[in-house]
Amino acid sequence: MTDATLSVSFAGPHVTIQDAGRPGLMRYGVPASGPMDRSSFRLANAALGNTADHPGIEVSLGGLTLQCLSGAVTLALAGGGFIAETPNRTLGTWNIFTLKAGETLTIRPGPWGSWTYLAFAGNLQAKQWLGSGATHGSSGFGGGKLTTGQSLTITNAQTRPDREGRISCPVWARPRHVLRCTLGPQDRFFDAETLTTFTTARFEMTDAFDRMGLRLRGPALVPVEALSIPSEPILRGSVQVSGDGTATVLLSDHQTTGGYPKIATVISYDLDSFVQCRPRDAVAFQTIPPQQAIETTRQRASRFAAFEDRIRQR
């Protein structure tokens, strides 16, 4: 094993180094960060036999171009349906391949999805912040945003011809347009008609998004009274409603506290598929009882673990 050195020839907005995140610090005002689509990130690492928290690169619709300056390293690409181009071939995501010295890799949007993940058979060197290389987008703390001209080092880089080839893309990795959620914790701020609108109306993804949240376009969900609730803890997946009735779904870099009412909370696995939707895609909300949400999440976690094991042992 040796090192591989990559140069960033181009990086679009929101292209960052991520690992599994830094949970347990929200009480101190520190977001967990980590990948937008946690499931796809884990599967990209599993495809190379890496641990689930192994650092990799999160690629946005802006795309990424890397040039291998020295060494060679096997890569896994999983997530949205992007296109990966090297001098000798064009591949889709859900693939494992090797990049060698002198070769260039370009990752660009394909037919579907908004985020894809590049994992390495080796150790991507990244700055740590509070014990994690996950990048907090607005501050840049952690591994950081990729910039043109930046050099990346992969220590203990491996080439794994035994791993190369297609990875199975599970159906639940594709964009999800009906989001299961539980009402609350502040559904009391909305009247019955507004709650019905929330669960029956069509909303549209907008261009107003970042790693912190995504604003939706649709009918106004106006609270029934002036907002006067104190700031309180917020979770990933909260559907936060501003004073003018605009709904925003909070994502990986969400603030840790806030005073706007949260009309509902999207279950975690649906959120992974939701972030793969693109601007102007339609979405709708389906409310389910809390106990059903718990059971649904438990069953999905079990199926995911079994699928991850198959990918790891392929």
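The values are calculated or read from the model by the stated rules, or taken from the named source; none is laboratory data. Fair warning: this is a prediction, and the values are worked out from it, not measured in the lab. Glycine also receives a Cβ, built like all others from the backbone with ideal geometry; neighbour counts cover every protein chain displayed. Just so you know, the surface numbers come from the protein's heavy atoms only, side chains and all, with ligands and any DNA or RNA stripped out. Shrake-Rupley method; radii C 1.70, N 1.55, O 1.52, S 1.80 Å.
Is it the case, given these coordinates, that residue 270 is touching a strand residue (DSSP E or B) at 6+ places or on another chain (Cβ under 9 Å) and over 19 Å from residue 186 (Cβ atoms)?
yes
Please pick out the residue among 90, 65, 51, 98 that is out of contact with any strand residue (DSSP E or B) (no Cβ under 6 Å at 6 or more places or on another chain) and either of a type in the set (Phe, Trp, Tyr) or in a strand (DSSP E or B) (or both).
90
So which residues in the range 249-277 are under 17 Å from residue 211 (Cβ atoms), among the aliphatic types (A, V, I, L, M) and outside any strand (DSSP E or B), if there are any at all?
Matches in the range 249-277: 251, 271, 275.
Among the residues of the range 169-193 satisfying the criterion of being of a type outside the set (A, V, I, L, M, F, W, C) and free of Cβ contacts under 8 Å to residues at least 60 places away in the same chain, which is most open to solvent (accessible area, probe 1.4 Å)?
The qualifying residue most open to solvent (accessible area, probe 1.4 Å) is 188.
Which of the residues that make up the range 278-314 are polar (S, T, N, Q) and surrounded by 15 or more Cβ atoms within 10 Å (Cβ to Cβ)?
287, 296, 297
Within the range 136-148, which residues are in contact with an Asp or Glu (Cβ under 8 Å, 6 or more places away or on another chain) and open to solvent by less than 60 Å² (accessible area, probe 1.4 Å)?
Result: 136, 137, 143.
Open to solvent by less than 40 Å² (accessible area, probe 1.4 Å) and of a type outside the set (Val, Ile, Thr): is that true of residue 212 in this structure?
Taking the combined requirement at face value, the residue does not satisfy it.
Given the conditions (1) more than 16 Å from the chain's Cα centre (by Cα); (2) within 19 Å of residue 284 (Cα to Cα), and given that residue 140 satisfies all but one, which numbered condition is not satisfied?
(2) is the only condition that residue 140 fails.
Residues in the range 236-257 that are open to solvent by 10 Å² or more (accessible area, probe 1.4 Å) and either under 22 Å from residue 194 (Cα atoms) or not assigned by TED's automatic domain parsing to the domain that holds residue 187 (or both): how many?
Looking only at that region, the number is 6.
Specify which of the listed residues (86, 74) is assigned by TED's automatic domain parsing to the domain that holds residue 152, β-branched (Val, Ile, Thr) and either open to solvent by 10 Å² or more (accessible area, probe 1.4 Å) or touching a Cys at 6+ places or on another chain (Cβ under 9 Å) (or both).
None of the other options fit; the residue is 86.
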